[in-house]
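Each reported figure results from applying straightforward, stated rules to the coordinates on display, with no laboratory input. What you see is a predicted model, and the numbers here were worked out from it, not measured in a lab.
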Amino acid sequence: MRWIPLIVLIYLVVLAQTTVGRVLAFESARLGVVGPDLVAIVAVFLALQARGLADVALGAWGAGLALDLTAAGAVGSTTVVGPMSLAYVFAAAVVFKFREAVFREKAIPQALLAAAFCLLAHGLWVTLQTLLAGENASWELYGRRLLQAAALALYTAVLAPVILAALGKVRGWFVTAPEGRARRRRA
């Protein structure tokens, strides 16, 4: 992995998601605000292109941590840092394990993997946040947040093939060449 360019990419995508990404969001009376998770698309890109699981886990953890740090609570309230990072690592590891079973350059498998990533990551995050809320949580609120996570996953899946194709064009900036036989010099 080329970590410095990857950190810059994650920073720029988080910046885009927290500013321009709000234009892409829409509000539903039943679900609340639903927008795409652009950072998840970067994590899916890493899971599809990285050489090993350790690189995928570190990259996904960094992306989740960056997302955790942007979701700070209000003044005086506690901010829980860590659940999204752990959820991203888990979801990226699942996508990494499935990448050999799909045609990762095709749009439909990319969309399905992005949807699965978001469902796993955000479903796990919603579950952890609900458990941490204690007596302030209800089944109705939990179900509504899971529906919101499912809508987010579908929205992200629609955008994923386009963004993954763009990232594929500059893959060499972020991911080193895959392991394989080294070329020998001829004398």
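Based on DSSP H assignment, which helices of the chain show an axial Cα extent of at least 15 Å together with a mean Kyte-Doolittle hydropathy greater than or equal to 1.6?
Working: long enough: 3-18 (22 Å, 2.19); 38-49 (17 Å, 2.77); 53-70 (26 Å, 1.24); 83-98 (23 Å, 1.64); 107-133 (38 Å, 1.57); 139-169 (44 Å, 1.01).
Length and hydropathy pass: 3-18, 38-49, 83-98.
Quick one: compute a quarter of the convex hull surface over the Cα atoms of the range 100-172 and quote it in nm².
6.0
For the chain, compute Rh as the Kirkwood radius over C-alpha pairs and then the Stokes-Einstein diffusion coefficient at 37 °C and 0.692 mPa s; write the answer in µm²/s, rounded to an integer.
191
Seen from all sides and averaged, what is the projected area of the convex hull of the Cα atoms in the range 1-78, in nm²?
On the way: hull surface 26.8 nm².
Answer in nm², one decimal: 6.7.
Rounded to two decimal places and with Rh computed the Kirkwood way over Cα pairs, what is Rg over Rh for the range 55-162? Numbers along the way, then the final one.
Values: Rg = 14.9 Å, Rh = 14.7 Å.
Result for the range 55-162 is an Rg/Rh of 1.01.
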